[in-house]
Amino acid sequence: MHLCRFCSAPTTQIVDFGQMPIANNFTVSSSRDSFRFQLVASFCESCFLFQLESQPEPSLMFHSDYPFFTGLSKKMADHFKQMLNVSIEQLGKSKKDIFVVEIGSNDGTMLSNLVDTGTRHLGIDPSYNVVQIAKQKGVTSIVEFFNTTSAGKIVDEFGKADLILAANVICHLPDLNDFAKAISILLENDGRFVFEEPYVGDVLSKTSYDQFYDEHVYLFSCTSVQKIFERYNLELIDAVHQDTHGGSMRYTIAPKGSGLISKSAEQLLNLESFNGFKDKKAYKDFGANCVTKRDELRNLLKNLKNQGSTIGGYAATSKSTTVLNYCDIGPETISFICDSTPQKQGKLTPGKYIPVISPEEMREKAPDFLVLFAWNHEQEVFEKERNYLRGRTRWIKFVPQVEIVDFDD
Ligand code: TMP
Ligand code: ZN
């Protein structure tokens, strides 16, 4: 029996994705990547948190070789700039008087917007390599995991924060209780904590099960977020849906009584109740859909391969590790995956050992089909590849439907 990672109540198992490697552990030889864990999603009917039953040690995932750099995507960089500016505006204080902390600040993409403004800021991230890049941009940053201990140290050294920001970070954390408590330690009495995470509503409606991987331990709803923070005298006061990462939610948390709950947050909470997000049935339905989608993708690829087609993959995303390992698809089916990240090129994908090549090499090969692993960036990808691949390559999508599409569709 698995007990909820937040409230310790027994959870209901929803789907077992099987043995998984670390999603970003690209290897040079197939022998190095031996670590596996069981990827099982469970739902808690007490606090409504959709979660993974087990997670590898954080040090296995976030280390000096962490191959993810926020700044590589111009679209995401623009998005984070908007998130920062809107959040500061909503504080209603002068930029000169506030202290802004970003948790999981990576290469400093978001905070770099504050470097020339005189706004006091601090980025905190456990991966040494990305923090060095942030520092080169002039972003004040420290290499640490964010928890009650480091939150206390920040308060001692820099004071309390008027604004705490986090994007796609909270779903990584092994201990939500310690995390929420750390926020209550660091946040000013009238401060705000704004964070964004992939939204469970999108995952359920699109069957985007690939949002679960070692680093994504939770899929939040407004309902579960409200439950988590209220235990620490904090409350959800705003929630706004975002298109990023295949559907995310931007939550605003405030010390209890320091702000009014927005219409948008109220509506979303009501909608979640209406759609059964507090009931395991919605999650059980999702579990059944995962099995159907897995079989559909596997069968489609097998049939195409049997007909002699060449198949590649587009973008060696973290999400693709879940898809490839859950569906048991390897280099016998997908000959290569192209990815724009130089650190991934020349390596093999975790667990299935599919070679990663550059987009340029992929364009030369122009396979008959490309599986769109970066399905959340479809528009950007199609715009970029249209001139190279139109009339030569067709696309295979698996979210929200398993289907073959062409550029003109
Ligand atoms: P993530 O989904 O794990 O955040 O990683 C995105 C990966 O997708 C990253 O390795 C870069 C790659 N990518 C491309 O190679 N080309 C693209 O056009 C896009 C949008 C992403
Ligand atoms: Zn719970």
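The values are calculated or read from the model by the stated rules, or taken from the named source; none is laboratory data. As the structure is a computational prediction, the values presented were derived from the model and not from experiment. All Cβ positions, even for glycine, are placed from backbone atoms using ideal geometry, and neighbour counts span all protein chains on display. These area figures cover heavy atoms from the full protein model, side chains too; ligands, DNA and RNA do not enter into them. Shrake-Rupley method; radii C 1.70, N 1.55, O 1.52, S 1.80 Å.
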Using beta carbons and a limit of 7 Å, which pairs, at least six apart or on different chains, have the first residue in segment 159-184 and on the phi > 0 side of the Ramachandran plot and the second one open to solvent by 20 Å² or more (accessible area, probe 1.4 Å)?
-> N168/H245
Lone unmet requirement of (1) modelled with pLDDT of 95 or more; (2) more than 30 Å from S34 (Cβ to Cβ); (3) surrounded by fewer than 16 Cβ atoms within 10 Å (Cβ to Cβ) for K302 = (2)
Before we move on, is E361 of a type in the set (D, E, K, R) and in contact with a Lys or Arg (Cβ under 9 Å, 6 or more places away or on another chain)?
-> no
Residue satisfying all of: in segment 210-233; assigned to a loop (DSSP other than H, G, I, E, B) and open to solvent by 10 Å² or more (accessible area, probe 1.4 Å); nearest to ligand 2 (Cβ to nearest atom) among these = R231
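When you go through K75, K81 one by one, which is the residue that is within 16 Å of ligand 1 (Cβ to nearest atom) and either of a type in the set (V, I, T) or closer than 25 Å to N376 by Cβ (or both)?
Details: K81 fails: within 16 Å of ligand 1 (Cβ to nearest atom).
Exactly one of K75, K81 is within 16 Å of ligand 1 (Cβ to nearest atom) and either of a type in the set (V, I, T) or closer than 25 Å to N376 by Cβ (or both), namely K75.
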Is it fair to say D408 is among the charged types (D, E, K, R), in contact with a strand residue (DSSP E or B) (Cβ under 9 Å, 6 or more places away or on another chain) and not in a helix (DSSP H, G or I)?
-> no
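Consider P342 carefully, then state whether it is assigned to a loop (DSSP other than H, G, I, E, B) and surrounded by fewer than 21 Cβ atoms within 10 Å (Cβ to Cβ). Break it down into steps so the answer makes sense when it comes.
Values: assigned to a loop (DSSP other than H, G, I, E, B): yes; surrounded by fewer than 21 Cβ atoms within 10 Å (Cβ to Cβ): yes.
So P342 fits the description; yes.
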Check off (1) under 19 Å from T27 (Cα atoms); (2) surrounded by 16 or more Cβ atoms within 10 Å (Cβ to Cβ); (3) modelled with pLDDT of 95 or more for D328 and give me the number that stays unchecked.
-> (2)
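Would you mind stating whether V40 is within 16 Å of ligand 2 (Cβ to nearest atom) and either under 30 Å from F158 (Cα atoms) or at pLDDT 95 or above (or both)? Can you show your working first?
On the way: within 16 Å of ligand 2 (Cβ to nearest atom): yes; either under 30 Å from F158 (Cα atoms) or at pLDDT 95 or above (or both): yes.
Considered against the rule, which asks whether it is within 16 Å of ligand 2 (Cβ to nearest atom) and either under 30 Å from F158 (Cα atoms) or at pLDDT 95 or above (or both), V40 comes out as yes.
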Selection from segment 163-200 of residues over 12 Å from A254 (Cα atoms), in contact with a helix residue (DSSP H, G or I) (Cβ under 7 Å, 6 or more places away or on another chain) and open to solvent by 10 Å² or more (accessible area, probe 1.4 Å) yields A167, N168, L173, P174, D178, K181, I185
List pairs: first in segment 89-112 and of a type in the set (D, E), second open to solvent by 10 Å² or more (accessible area, probe 1.4 Å), Cβ under 6 Å, 6+ apart or cross-chain?
-> D107/F69; D107/T70; D107/G71; D107/I133
Which condition does Y388 not pass, out of (1) crowded, with 22+ Cβ neighbours inside 10 Å; (2) without any contact (Cβ under 8 Å) to a residue 60 or more places away in the chain; (3) in contact with a Lys or Arg (Cβ under 6 Å, 6 or more places away or on another chain), if it passes all the others?
-> (1)
Within segment 99-106, is even one residue surrounded by fewer than 20 Cβ atoms within 10 Å (Cβ to Cβ) and closer than 16 Å to I185 by Cβ?
-> yes
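For segment 45-63, which positions are touching a Leu at 6+ places or on another chain (Cβ under 9 Å) and either exposed (fewer than 15 other Cβ atoms within 10 Å of the Cβ) or in a loop (DSSP other than H, G, I, E, B) (or both)?
Within segment 45-63, the subset touching a Leu at 6+ places or on another chain (Cβ under 9 Å) is 49-54, 58.
The answer is L49, E53, S54.
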Are any of the residues in segment 290-308 free of Cβ contacts under 8 Å to residues at least 60 places away in the same chain and outside any helix (DSSP H, G or I)?
-> yes
Sort out which residues of segment 4-37 are within 16 Å of ligand 2 (Cβ to nearest atom) and either assigned to a loop (DSSP other than H, G, I, E, B) or within 30 Å of Q345 (Cβ to Cβ) (or both), and write them in order of number.
-> C4, R5, F6, C7, S8, A9, T11
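Can you say whether E364 is surrounded by fewer than 19 Cβ atoms within 10 Å (Cβ to Cβ), within 9 Å of ligand 1 (Cβ to nearest atom) and farther than 21 Å from T292 by Cα, as far as the supplied structure shows?
On the way: surrounded by fewer than 19 Cβ atoms within 10 Å (Cβ to Cβ): yes; within 9 Å of ligand 1 (Cβ to nearest atom): no; farther than 21 Å from T292 by Cα: yes.
So E364 does not fit the description; no.
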In segment 246-270, residues that are on the phi > 0 side of the Ramachandran plot and either buried (at least 22 other Cβ atoms within 10 Å of the Cβ) or touching a Phe, Trp or Tyr at 6+ places or on another chain (Cβ under 9 Å) (or both) total 2
